[in-house]
């Protein structure tokens, strides 16, 4: 099983890694490693034929799944659909969900969980272009 590692922390940032996603196995939550206060991010991997062993729903948080590799089936309540690398799935609150790997390769995904309806400004509506010396 992969384990998330905090690599560096500053007053205004945190840098963590689960390592190579090619060999990633299991489920790892990122919040504690980064100190996130706005959302929970997790990395998950399911081997061929495996599904999450339970359905679940959230009372306040929606989830957004981003499929990084593999193929599978996703179920929301009584609706089942195919997913594959590049799929992005948003699941609302009070909705049962589950995911299953149907490909020969593992199904690797990121899940981002945040309070439903909380997104105010985003992208350039929440950004200020600033002047700073580029040290890259």
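Yes or no: the range 26-47 includes at least one residue that is surrounded by fewer than 15 Cβ atoms within 10 Å (Cβ to Cβ) and modelled with pLDDT of 95 or more. Checking the range 26-47: at least one residue is surrounded by fewer than 15 Cβ atoms within 10 Å (Cβ to Cβ) and modelled with pLDDT of 95 or more. Of all positions in the range 103-115, at least one carries a residue that is assigned to a strand (DSSP E or B), in contact with a strand residue (DSSP E or B) (Cβ under 8 Å, 6 or more places away or on another chain) and loosely packed, with under 15 Cβ neighbours inside 10 Å.
Right, residue 81: exposed (fewer than 15 other Cβ atoms within 10 Å of the Cβ), in contact with a strand residue (DSSP E or B) (Cβ under 9 Å, 6 or more places away or on another chain) and without any contact (Cβ under 8 Å) to a residue 12 or more places away in the chain or not? Before the answer, list the steps.
Working: exposed (fewer than 15 other Cβ atoms within 10 Å of the Cβ): yes; in contact with a strand residue (DSSP E or B) (Cβ under 9 Å, 6 or more places away or on another chain): yes; without any contact (Cβ under 8 Å) to a residue 12 or more places away in the chain: yes.
Considered against the rule, which asks whether it is exposed (fewer than 15 other Cβ atoms within 10 Å of the Cβ), in contact with a strand residue (DSSP E or B) (Cβ under 9 Å, 6 or more places away or on another chain) and without any contact (Cβ under 8 Å) to a residue 12 or more places away in the chain, residue 81 comes out as yes.
Specify the residue that is farthest from residue 105 (Cα to Cα); the eligible residues are those in the range 19-52 that are free of Cβ contacts under 8 Å to residues at least 40 places away in the same chain and part of a strand (DSSP E or B).
The extreme case among them is 29.
Within the range 53-62, being part of a loop (DSSP other than H, G, I, E, B) and either surrounded by 15 or more Cβ atoms within 10 Å (Cβ to Cβ) or free of Cβ contacts under 8 Å to residues at least 12 places away in the same chain (or both) holds for 53, 57, 58.
For the range 37-58, a residue qualifies if it is in contact with a strand residue (DSSP E or B) (Cβ under 8 Å, 6 or more places away or on another chain) and closer than 30 Å to residue 10 by Cβ, and the qualifying residues are 38, 39, 40, 41, 42, 43, 44, 45.
The residue that is surrounded by the most Cβ atoms within 10 Å (Cβ to Cβ), among those in the range 6-18 that are more than 15 Å from residue 108 (Cβ to Cβ) and in contact with a strand residue (DSSP E or B) (Cβ under 6 Å, 6 or more places away or on another chain), is 16.
The values are calculated or read from the model by the stated rules, or taken from the named source; none is laboratory data. What you see is a predicted model, and the numbers here were worked out from it, not measured in a lab. Note: ideal-geometry Cβ built from the backbone for every residue, glycine included; neighbour counts use all protein chains shown.
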